[in-house]
Amino acid sequence: MLKFMRRHATGWMIKIMFGLIIIVFVFWGVGSYKEREMVVAEVGSSKIVMSEYSEAYKRLYNRYRTLYADRFDENVLNGLKLKEKAIDQVVEKHLLLLKAKELHIGVSDREFSEYVQSIAAFTRDGRFDQKTYEQVLKREGMDPKKFEKSEREAMIVAKLMAVLQDHGLSMDDRDMEKSYKEERGLVRLGYAAFEPGDFEKGVTVGEKEIADIYEREKAVHKTEDAYHLRYITIDGRSPVKDDQAYMELLKSPDIQAYGKAKGLDVVDLGVMKEGEILKRLDRFRPAEWLKGMRKGDISLPIRDDAKSYIFQVVDSEGGKALDQQEAYKSIRARITSERAKMMAKTKAEAALTDKSIHFSRDTGYLARTSTAIPSLGPVPAEHSGIFFLTADKRIYDKPVEISKKYYIFGFEDEKTPDKSQYEREKQAYRQYYVAKARESLLASVKEDLKKKIKVKVDHEAL
């Protein structure tokens, strides 16, 4: 639909559509943004709109960008699966709010007022100050209504957790001591490595197979597309709203002239390869709108904080076909790598069935709460069970992929903390143990709610 509108922006049909849209706006008003925006998920009777999901995504994105610093690139971002994490967080919040509603748990206006007035950032000379409150929210780009709704919901969830904890959280000193010994103990693992590179010589890829793949993928084997982009920025002080600007830009061939006429800043990014755009502009999610855009096309408004951004393709140049021999070389390398990796995994799985398996290398002593092996790399969360191998369960039953190699692990030895160490650290450990028990209880409650309450997520809209 959007491509049709872009292509025929000056035609009579689009002009009629604009006329109808304007008439609706005049008689009914633009309405609130929330009323018009897309619903991306439903949790029981609750609806999750795009802005709520986007805010959750942005919080996660900024948190991981700070955490990874210079190592935060496209590969890390893809591995984090932030879209899935963000929608899961929002869905779980709505599940808990529905549970709170069922239990008649709420927050009174007086409770909320006292809470807000207790926040130090909103005080002046030791007392709550309305002007300071408004200035702080404005500086942080927060809408007061959204802020108050979010904080009120957080208070309701906190109340719910207190109720659930009182009725469902039990403390047992014996369980706590057992947990302490497991988590504070050390384990030494033996391992064997299966590197795909060692199997590449055994891979054969026929010329006909490569030729057939090339024919199917011919359009893919080319240099990157290049785009010349410009964009405008719209905020609360701009003379137009982002949706109005979008409608008007559909009819305008020149975003620079439009920006000048409206007093909007226009940024010219120059010509960039597609890969560079995806990396440099990742906060604007270009992977969702750039592909297939042609000269003169514009993007939908991209909302980020209190600002919106609209991009226009000033010009574009399609990638050129790679030399056939280069394409053949690329295909051969890819197929060889994929098959070598599968051979390495198969060999590792076969080794697990060998009852007389012996590990020639070991990890040294590691905490059972480890998330990585210093000599090998980070261990995927789903395989954290390798650190809890014992004399009773000596072999981990799956190959583990770490840094593009496959490993099999076995128990070698362990060191458990003695009773005196536990007694010295008992009180400090209790705080951690209670926090972990609360987290486990919350996870259990969420899982039960997901079974009882219908959840529907439009993953294509994210």
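Miscellaneous remarks
- Among the trypsin sites (Lys or Arg not before Pro) in the range 76-153, those located in a DSSP loop and surrounded by at most 13 other Cβ atoms within 10 Å of their own Cβ are LYS81.
- Amide H contacts of ALA41: ILE48, ASP458, each under 5 Å away and 5 or more positions distant or on a separate chain (H built 1.01 Å from N in the peptide plane; Pro and chain starts excluded).
- Percentage of interatomic Cα-Cα distances in the range 365-462 larger than 19 Å: 65 percent
- Within the same chain, aspartates and glutamates fewer than 8 places from LYS260 are excluded, and of the rest, those with a Cα less than 19 Å from its Cα are ASP235, ASP242, ASP243, GLU248, ASP268, ASP297.
- Geometric descriptor of the range 250-386, per residue, is 222 Å³ (volume of the convex hull of the Cα atoms).
- Rounded to whole Å, the principal axis extents of the Cα atoms in the chain read 79, 75, 43, largest first.
- 5 angstrom amide H check on GLU414, placed H, neighbours 5+ away: ARG188
- Per-residue ellipticity at 222 nm from helix content only, as computed over the chain with -39500 (n - 2.57) for each DSSP H run of at least four residues, stands at -16000 deg cm²/dmol.
- Based on every Cα atom in the range 226-317, Rg and the maximum pairwise Cα distance Dmax equal 12.3, 36 Å.
- Phi angles across the range 55-65 convert, under the Karplus curve 6.51 cos²θ - 1.76 cosθ + 1.60 with θ = phi - 60°, into 3J(HN,Hα) values of 5, 5, 4, 5, 4, 5, 4, 5, 5, 6, 5 Hz, Gly and Pro given as x.
- Most positive-pole-ward Cα, PRO196, TYR258, GLY185, against dipole of the range 150-290 from beta carbon charges: TYR258
- Which of MET343, MET38, MET293 has the fewest Cβ neighbours within 10 Å, and the rest in rising order: MET38, MET343, MET293
- At q = 0.13, 0.16 Å⁻¹, base-10 log of I(q)/I(0) for the range 85-164 (Debye sum, equal scatterers on each alpha carbon): -0.49, -0.71
- Flagged links, alpha-carbon separation over 24 Å, of LYS93/LYS159; LYS83/LYS454; LYS405/LYS446: LYS405/LYS446
- Working note: Karplus 6.51/-1.76/1.60 with θ = phi - 60° gives the range 275-284 the couplings x, 5, 4, 4, 7, 6, 10, 4, 5, 9 Hz, where Gly and Pro are set to x.
- The Kirkwood radius of the range 132-210, taken over pairs of alpha-carbon atoms, gives through the Stokes-Einstein law at 4 °C and 1.567 mPa s a diffusion coefficient of 64 µm² s⁻¹.
- Multiplying the residue separation of LYS454 and VAL271 by 0.36 nm and subtracting their alpha-carbon distance yields 61.2 nm.
- The trypsin sites (Lys or Arg not before Pro) of the range 250-297 that DSSP puts in a loop, and whose beta carbon has at most 16 other beta carbons within 10 Å, are LYS251, LYS291, ARG294, LYS295.
- The amide H of ALA192, built 1.01 Å from its N in the peptide plane, has ILE408 as neighbours under 5 Å, considering only residues 5 or more places off or on other chains.
- Listed residue pairs exceeding 25 Å between alpha carbons, taken from LYS251/LYS320; LYS291/LYS450; LYS279/LYS320: LYS251/LYS320; LYS291/LYS450
A short reminder: the numbers here are calculations on the coordinates, not readings from a lab. Quantities reported herein were computed from a predicted structural model and do not represent experimental measurements. Every residue, glycine as well, gets a Cβ built from its backbone with ideal geometry; the counts of neighbours run over all protein chains shown.
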